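Structure record follows, encoded as structure tokens.
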Amino acid sequence: MSKVFGILLLSLVAGGCATTGDVTAFKDASDTSKLQESEGRLWHEARGFDTTIERSGQIYEDGRATAYLQGVMDRLYPEFKGKIHVHLYDSTQLNAFALPNGSIYFNIGLLARIGNEAQLAAVLGHEAAHFIEKHSFRQRVSAKNASAFAVSGIPFASLAAVSSISGFSRDLESEADMKGYARLVKAGYDPHEAHKAFEQLAKEVKALGIEELYFFSSHPKLVERIDAFKELAAKQKSGGRVGMEDYNQVVQPIRVEALRKDLGQDRYKSVILVMEDTNLRRYYPAAGYYYLGEAYIRRDEKNDSQKALQAFQTAEKLAPKFAPTYKSLGMHYMKAGNKGTAREYFNKYLTLASKDAGDRAYVQQYISSLK
Amino acid sequence: MMKKIFALPMLLALVGGCAPMPYWTLTDNDNRVLKSSSFEMSVPAGWTRTTTADTFEQIKVDEKPQTLLLEQVAASRDGLSIHAITVTRRYPDTAFPTIKKKSRANMLPLEAADLYVSELRKRYGLERLRVVSNKPAQINGKPGFELVMEFKNDDGLRIRIVSNGFVDKTGFYTINYRAPVLYFYDRDYNDYAKLVRSFRQSKGAFDPPPEIPGWAKLFT
């Protein structure tokens, strides 16, 4: 009797774990209209997630940058044009994720850290592969995940569990790497750029001790991934499109915005890490030194006040029309008791800052108090 | 029998006497003072207000739960889920708890306002809090700030928060009003402004901080 029960139990367990075999990848855009019922439900959930993101203001509105990213995606997967939609996601966390319905979300924080179009294509290629290979659906039909959904009461948690928001299994991530990489090469991008984006991210994860949900999941997996990309690239000839100039033209304003947002969310360590790194700093406009100065003030460690002053002075020299630097210099000299210099800087701020600058009234008050 | 009849009202009186004061009360012309040991102010008639101040809160700092001392009172006309006025005093060492910054008596109002915005952006749902305006203000004769901020909730409803705050040697004080921009914010802003004008610090503000109750620490 116990044997019969044991066999029954074993068959149930085995059955629950072996249901992903009949899921076939999309071949082209027309395939996406032939969904199984349960897959359709997954798409419905994903559309709900899209709607929530859009109406709650989580989309970063930059038409030019969004069109640029979409263009790179269409170059990678021309047969899916109109079915894969790239959105900019208003978050400075280093992340990108794909939903089962072909929506790809790319965080502006990650966009700011990447150096060129080939590196961007490596990330986009990977995320789109999750959609085309139906990784969400494959993950959902496994019994293991089905039971996880039952206990979850978090909105969209079930979707998160089967989308790249929280990462896929190692096998599925590797498959997305391989498929994405093949597309990168086919689209004519320089394959030797692919690992560089991940190297920078790995460095940042380590330096900042990031434990949050993160692009391609945890640090050790990221290191394995870098090695895999290096091995693949070693078999390829050098050359191909890098697209540094085009990329930087589009992304430059987003980089400054990402620094501003990082500082506004007290992620000063991230600002310091970027702006102290000569490799990364070259991608950022000179106004970045202002944010570096503000980040030192936030950190408030030994000698940070002096470091902040130096950063502000560099910003003043390299970006003389960037108004916020003068307010910070004014505040520095006001605190140091140098009233005359403080007044000069505050007046310069008022001259350069826009008429509706939020902190004009404070600066006017400071000038009055310094007379 | 007589004894039993006598005992019953006695018991009721005792039980009634021991019953805790309701946490919320409806304000009228004789019942408008919203107070804590550190401050007090006048709530417009027709609002509900808390009768006692909360003295601690549990928050997550770096994903770890912590119990922090504070003083907090609240008032609302239509219900907390719709709109609310919240008045909070935080102690200097835990003035900006999630970003782990202390307040200093000589902190400039602009510095305090910037730190407060960063602090709020660490809270769930407020990551994309947008500053609409930030200007100097006077609260109880002390230099402070008036911040107006906005965010969209998951339903796409624009919620506005106006915050008047100041820092002194006893800590960081904020008087916040949160309401949907649609209909509610403008309707009750004047009531909020009156409440801000009536804000006064009490002598208790200068007492040493109390201990966190032992049972409250069980949560951390």
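Return yes when A:Ser354 is farther than 29 Å from A:Tyr60 by Cα and within 14 Å of another protein chain (Cβ to nearest Cβ) and no when it is not.
On the way: farther than 29 Å from A:Tyr60 by Cα: no; within 14 Å of another protein chain (Cβ to nearest Cβ): yes.
No: the conditions fail for A:Ser354.
Taking the criterion of being part of a helix (DSSP H, G or I), within 22 Å of B:Glu146 (Cα to Cα), within 14 Å of another protein chain (Cβ to nearest Cβ) and more than 38 Å from the chain's Cα centre (by Cα), would at least one residue in the stretch A:311-333 satisfy it?
Going through the stretch A:311-333, the residues part of a helix (DSSP H, G or I) turn out to be A:311-318, A:324-333.
If we keep only those that are within 22 Å of B:Glu146 (Cα to Cα) as well, we get A:324, A:327-328, A:330-331.
Adding the requirement that they be within 14 Å of another protein chain (Cβ to nearest Cβ) leaves A:324, A:327-328, A:330-331.
Filter again for more than 38 Å from the chain's Cα centre (by Cα), leaving none.
There is no residue in the stretch A:311-333 that is part of a helix (DSSP H, G or I), within 22 Å of B:Glu146 (Cα to Cα), within 14 Å of another protein chain (Cβ to nearest Cβ) and more than 38 Å from the chain's Cα centre (by Cα).
In the stretch B:112-162, how many are outside any loop (DSSP other than H, G, I, E, B) and more than 22 Å from A:Ile297 (Cβ to Cβ)? Explain how you work it out, then say what you get.
Here is the first cut: in the stretch B:112-162, the residues outside any loop (DSSP other than H, G, I, E, B) are B:112-121, B:130-139, B:142-152, B:158-162.
Cutting the leftovers down to more than 22 Å from A:Ile297 (Cβ to Cβ) gives us B:130, B:132-133, B:137-139, B:142, B:146, B:148, B:150-152, B:158-162.
Residues meeting the conditions: 17.
A:Arg298 versus (1) farther than 27 Å from B:Glu127 by Cα; (2) assigned to a helix (DSSP H, G or I); (3) among the basic types (Lys, Arg): which is the lone unmet condition?
Every listed condition holds for A:Arg298 apart from (1).
Looking at the stretch B:127-141, is at least one residue facing another protein chain (nearest Cβ under 10 Å), without any contact (Cβ under 8 Å) to a residue 12 or more places away in the chain and surrounded by 15 or more Cβ atoms within 10 Å (Cβ to Cβ)?
From the stretch B:127-141, those facing another protein chain (nearest Cβ under 10 Å) are B:127-137; that's our starting set.
Restricting the remaining residues to those that are without any contact (Cβ under 8 Å) to a residue 12 or more places away in the chain gives B:127, B:135.
This time we only want the ones that are surrounded by 15 or more Cβ atoms within 10 Å (Cβ to Cβ), so: B:127, B:135.
Scanning the stretch B:127-141 turns up at least one residue that is facing another protein chain (nearest Cβ under 10 Å), without any contact (Cβ under 8 Å) to a residue 12 or more places away in the chain and surrounded by 15 or more Cβ atoms within 10 Å (Cβ to Cβ).
I'm checking my understanding of the structure. Among residues of the stretch B:56-84 that are touching a residue at least 24 places away in the same chain (Cβ under 8 Å) and outside any strand (DSSP E or B), which one is nearest to B:Ser163 (Cα to Cα)?
Among residues in the stretch B:56-84 that are touching a residue at least 24 places away in the same chain (Cβ under 8 Å) and outside any strand (DSSP E or B), the one nearest to B:Ser163 (Cα to Cα) is B:His83.
Please enumerate the residues belonging to the stretch B:148-159 that are touching a helix residue (DSSP H, G or I) at 6+ places or on another chain (Cβ under 8 Å) and within 9 Å of chain A (Cβ to nearest Cβ).
Taking the stretch B:148-159 as the starting set, the residues that turn out to be touching a helix residue (DSSP H, G or I) at 6+ places or on another chain (Cβ under 8 Å) are B:149, B:152, B:154-156.
Of everything in the stretch B:148-159, those that are touching a helix residue (DSSP H, G or I) at 6+ places or on another chain (Cβ under 8 Å) and within 9 Å of chain A (Cβ to nearest Cβ) turn out to be B:Lys152, B:Asp154, B:Asp155, B:Gly156.
When you scan the stretch A:76-120, how many residues do you find that are under 27 Å from A:Arg267 (Cα atoms), in a helix (DSSP H, G or I) and touching a strand residue (DSSP E or B) at 6+ places or on another chain (Cβ under 8 Å)? Can you show your working first?
Quick first cut of the stretch A:76-120, residues under 27 Å from A:Arg267 (Cα atoms) only: A:86-98, A:104-117, A:119-120.
Those still in the list that are in a helix (DSSP H, G or I) too: A:108-113, A:117, A:119-120.
After this cut, where a residue has to be touching a strand residue (DSSP E or B) at 6+ places or on another chain (Cβ under 8 Å) as well, the list is A:108, A:110-111, A:117.
Total meeting the criteria: 4.
What about B:Arg187, is it in a strand (DSSP E or B) and farther than 24 Å from A:Gln365 by Cβ?
On the way: in a strand (DSSP E or B): no; farther than 24 Å from A:Gln365 by Cβ: yes.
Criteria not met by B:Arg187.
So which residues in the stretch B:89-103 are assigned to a strand (DSSP E or B) and under 24 Å from A:Arg267 (Cβ atoms)? Give the steps one after another, and end with the answer.
Restricting attention to the stretch B:89-103, the residues satisfying the condition of being assigned to a strand (DSSP E or B) are B:89-90, B:96, B:101.
The answer is B:Arg90, B:Phe96, B:Lys101.
Of everything in the stretch A:84-116, what is β-branched (Val, Ile, Thr) and closer than 19 Å to A:Glu204 by Cα? Give them in sequence order. Walk me through how you get there before you give the answer.
Here is the first cut: in the stretch A:84-116, the residues β-branched (Val, Ile, Thr) are A:84, A:86, A:92, A:104, A:108, A:114.
Passing the criteria: A:Thr92, A:Ile108, A:Ile114.
Look through the stretch B:41-55, keep the residues that are farther than 25 Å from B:Thr67 by Cβ and touching a residue at least 24 places away in the same chain (Cβ under 8 Å), and return whichever of them is surrounded by the fewest Cβ atoms within 10 Å (Cβ to Cβ).
The extreme case among them is B:Gly46.
Mind listing whichever residues of the stretch A:44-72 are of a type outside the set (Lys, Arg) and at the interface with chain B (Cβ under 10 Å from one of its Cβ atoms)? Give the steps one after another, and end with the answer.
Step one: list which residues in the stretch A:44-72 are of a type outside the set (Lys, Arg), which gives A:44-46, A:48-54, A:56-63, A:65-72.
Selection gives A:Thr51, A:Thr52, A:Ile53, A:Glu54, A:Ser56, A:Gly57, A:Gln58, A:Tyr60.
Against the definition (farther than 17 Å from A:Ala121 by Cβ and either at pLDDT 95 or above or not in a loop (DSSP other than H, G, I, E, B) (or both)), how does A:Glu61 come out, yes or no?
Working: farther than 17 Å from A:Ala121 by Cβ: yes; either at pLDDT 95 or above or not in a loop (DSSP other than H, G, I, E, B) (or both): yes.
Against the criterion (farther than 17 Å from A:Ala121 by Cβ and either at pLDDT 95 or above or not in a loop (DSSP other than H, G, I, E, B) (or both)), A:Glu61 qualifies.
What's the number of the condition B:Pro92 fails, among (1) within 11 Å of chain A (Cβ to nearest Cβ); (2) surrounded by fewer than 18 Cβ atoms within 10 Å (Cβ to Cβ); (3) at pLDDT 95 or above?
Single failed check for B:Pro92: (1).
Within 18 Å of the chain's Cα centre (by Cα), over 27 Å from A:Ser56 (Cα atoms) and either at the interface with chain A (Cβ under 9 Å from one of its Cβ atoms) or surrounded by fewer than 22 Cβ atoms within 10 Å (Cβ to Cβ) (or both): does that describe B:Gln72?
On the way: within 18 Å of the chain's Cα centre (by Cα): yes; over 27 Å from A:Ser56 (Cα atoms): yes; either at the interface with chain A (Cβ under 9 Å from one of its Cβ atoms) or surrounded by fewer than 22 Cβ atoms within 10 Å (Cβ to Cβ) (or both): yes.
Yes, satisfied.
Given the criterion more than 30 Å from A:Ile53 (Cβ to Cβ), out of contact with any Ser or Thr (no Cβ under 9 Å at 6 or more places or on another chain) and either more than 14 Å from chain A (Cβ to nearest Cβ) or surrounded by 19 or more Cβ atoms within 10 Å (Cβ to Cβ) (or both), identify the matching residue among B:Gly204, B:Gly214, B:Gly171.
Details: B:Gly204 fails: out of contact with any Ser or Thr (no Cβ under 9 Å at 6 or more places or on another chain); B:Gly171 fails: out of contact with any Ser or Thr (no Cβ under 9 Å at 6 or more places or on another chain).
Answer to the check: B:Gly214.
The values are calculated or read from the model by the stated rules, or taken from the named source; none is laboratory data. These numbers come from a predicted model, not from an experiment. With ideal geometry, Cβ positions are generated from the backbone for all residues, glycine too; neighbour counts draw on all protein chains shown.
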